[in-house]
1. Out of all the residues in region 138-178, which are under 15 Å from residue 10 (Cα atoms), aliphatic (A, V, I, L, M) and surrounded by 16 or more Cβ atoms within 10 Å (Cβ to Cβ)?
2. Which residues, taken from region 162-186, are in a strand (DSSP E or B) and of a type in the set (D, E, K, R)?
3. Residue by residue through region 43-61, note down the ones that are among the charged types (D, E, K, R) and exposed (fewer than 15 other Cβ atoms within 10 Å of the Cβ).
4. Any chance you could count how many residues in region 85-132 are among the acidic types (Asp, Glu), in a helix (DSSP H, G or I) and without any contact (Cβ under 8 Å) to a residue 60 or more places away in the chain?
5. Which condition number in (1) closer than 21 Å to residue 9 by Cβ; (2) surrounded by fewer than 19 Cβ atoms within 10 Å (Cβ to Cβ) is the one that residue 104 fails?
6. Do we have any residue at all in region 39-54 that's assigned to a helix (DSSP H, G or I), within 22 Å of residue 134 (Cα to Cα), touching a Lys or Arg at 6+ places or on another chain (Cβ under 7 Å) and among the hydrophobic types (A, V, I, L, M, F, W, C)?
Amino acid sequence: MGTLAYAVTVSLDGYAADADGDFQWTGPSSDVFDVHVERMAEVSTEVLGRRTYALMGYWDDYPDDDGTPAEREFARRWRAVDKVVASSTLTPGELGPGSVRLVPDLDLDQLRRIVDAAPGVVEIFGPTLAAPAIRAGMVDEFHLFVVPKLVGGGLRALPDGVDLDLTLAGHRVFGDGLVYLRYRAG
């Protein structure tokens, strides 16, 4: 039985993307990227929406002889995880390589079955897709990468109307001012 985790890079004022939909400011330094590589060692399944799946497709095609050792390792780990893509517009023929399953309409019961069947961490990727699971109290761990930037509006990283008690399970401050916070529910 797996656990459900939500990881997000967020502005200090709580947004994953600004009012124009831009999230380029979330690009990690090499030290922060190393934490993402480490996290991926525990992830057995990624649950993504259509746009995030397309964006992360970059790592499916990443050359084995290019980039830094950390980038090559992230790509290797990314290709190894099972992926569940929640999309009502994609077709199975549009899915890329590896173990990818298409779910036209992801509901909480399906997500529970995915987590229950997983051998490790199931990471739900993206604030819109994660919001129902967060509201339902299904998320076991939150990984917040807080960027020292105010964007003033946009796509909220966490949904409104949620009251959860969390316990700090780890934290790290990086030289560029970014803070990584890991919380467990309960």
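1. Those that are under 15 Å from residue 10 (Cα atoms), aliphatic (A, V, I, L, M) and surrounded by 16 or more Cβ atoms within 10 Å (Cβ to Cβ): 144, 146, 147, 151, 155, 157, 158, 178.
2. If the condition is that a residue be in a strand (DSSP E or B) and of a type in the set (D, E, K, R), then 172, 182, 184 are the ones that fit.
3. 51, 61
4. Adding up the residues that qualify gives 2.
5. (1)
6. yes
Every number in this text was worked out from the coordinates using simple rules, so none of it is lab data. Predicted, not measured: the structure shown is a model, and the values here were computed from it. Positions of Cβ are generated from backbone atoms using ideal geometry, with glycine treated the same way; all protein chains shown enter the neighbour counts.
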